[in-house]
Amino acid sequence: MNSQGEVGPPSSVSVTLQNTLKLCQGTTCNSGAVLPDPSFTMIRGETRNAVACWNPNPACGDPSGNVTSNPSTSWGEQSGNSAVSTAPVGSSRRINADNVGTERITASYSGTTLNRDITVTCTPQSCENDARYRDYCSDQPYTMPSGCGYDLNCNGSRSCDFNWREVAPE
């Protein structure tokens, strides 16, 4: 208020947001998708890209601040069961779901460390989805890889009758 009791123009306030570390899915910091915290599930054989982003946006909506390949950024895998592996791919990091199990990955930058626990599951193939299922007779066993690290024992689905004989025409 001024001396005559009138309200003057509003004062301006400046707010400075601090940079925060986040893990974004995809290959850019403005992908719109944060890597799920604190854990998520992948299917064996699946891959995802992730980037470490250091900017003031609390989500993954700011294209600046990709520190994935920065020499000051460290990446790690923990738990020792080799469920996942990570590798640099361009300006992102590829997460590979290698084996069934749970493993923690970490990303650290500027004194901040983020952890994500990844559980790798497997959906096995089925005998019915294999081409040989329709080609083999029901009494003909065969094996096929399950896709989950073990073999499936299958039998074909065809009904085969071998109790016949050829007769020469008369």
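The values are calculated or read from the model by the stated rules, or taken from the named source; none is laboratory data. Nothing here was measured: the structure is a model prediction, and the numbers come from that model. Cβ sites come from the backbone with ideal geometry, for glycine too, and all protein chains shown count toward neighbours. These area figures cover heavy atoms from the full protein model, side chains too; ligands, DNA and RNA do not enter into them. Shrake-Rupley method; radii C 1.70, N 1.55, O 1.52, S 1.80 Å.
Relative contact order of the chain, please, whole-number percent, based on alpha carbon pairs below 8 angstrom and at least 6 residues apart.
Values: 361 pairs, mean separation 29.7, N = 170.
That works out to 17 percent.
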Which one of Ala97, Tyr142, Thr20 is farthest out on the positive end of the charge dipole of the chain, using unit charges on Cβ (Lys, Arg +1; Asp, Glu -1) and the Cα centre as origin? Thr20
Give me the base-10 log of I(q)/I(0) for region 110-167 at each q in 0.18, 0.20, 0.30 Å⁻¹, Debye formula, one uniform scatterer per Cα, rounded to two decimals. -0.71, -0.79, -1.17
Just from its helices, what would the mean residue ellipticity at 222 nm be for the chain, if runs of 4 or more DSSP H residues each count -39500 (n - 2.57) and the sum is divided by every residue, rounded to the nearest 500 deg cm²/dmol? -500 deg cm²/dmol
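At most 12 other C-beta atoms within 10 Å and a DSSP loop state: those are the exposed chymotrypsin sites (Phe, Trp or Tyr not before Pro) I care about. Give me the longest piece of the chain that has none.
Values: sites that count: Tyr150, Phe162, Trp164.
The longest uninterrupted stretch comes out as 1-149.
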Added length on full extension, which subtracts the Cα-Cα distance from 0.36 nm per residue, Thr102 to Phe40: 21.3 nm
Could you tell me the center-to-center distance, by alpha carbons, between region 91-170 and region 14-85 in angstrom? 31 Å
Using a 1.4 Å probe, how large is the accessible area of Ser31, given in Å² and rounded to the nearest 10? 50 Å²
GNM of the chain, Cα pairs under 10 angstrom: of Ala131, Ala83, Ala59, the biggest fluctuation goes to Ala131
Give me the percent of accessible area attributable to carbon and sulfur for region 1-134, probe 1.4 angstrom. 48 percent
Calculated diffusion of region 34-125, Stokes-Einstein form, Kirkwood radius summed over Cα pairs, 20 °C and 1.002 mPa s, µm²/s: 156 µm²/s
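In the calculated pair distance distribution of the chain, what percentage of Cα-Cα distances lie above 22 Å? All intermediate terms of the calculation are to be shown ahead of the outcome.
Numbers: 8811 of 14365 pairs.
In whole percent, the long-distance tail amounts to 61.
Relative to the Cα centre, what is the charge dipole magnitude of the chain, using +1 at the beta carbon of each Lys and Arg, -1 at the beta carbon of each Asp and Glu, and rounding to the nearest 20 debye? Walk me through the numbers on the way to the answer.
Numbers: 11 positive and 16 negative charges, 121 e Å.
The calculation lands at about 580 debye.
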Taking every Cα atom in region 84-138, find the radius of gyration and the maximum pairwise distance Dmax, and write them in Å. 18.8, 64
Low-density loop trypsin sites (Lys or Arg not before Pro), region 92-170, at most 10 other Cβ within 10 Å, DSSP non-H/G/I/E/B, are Arg165
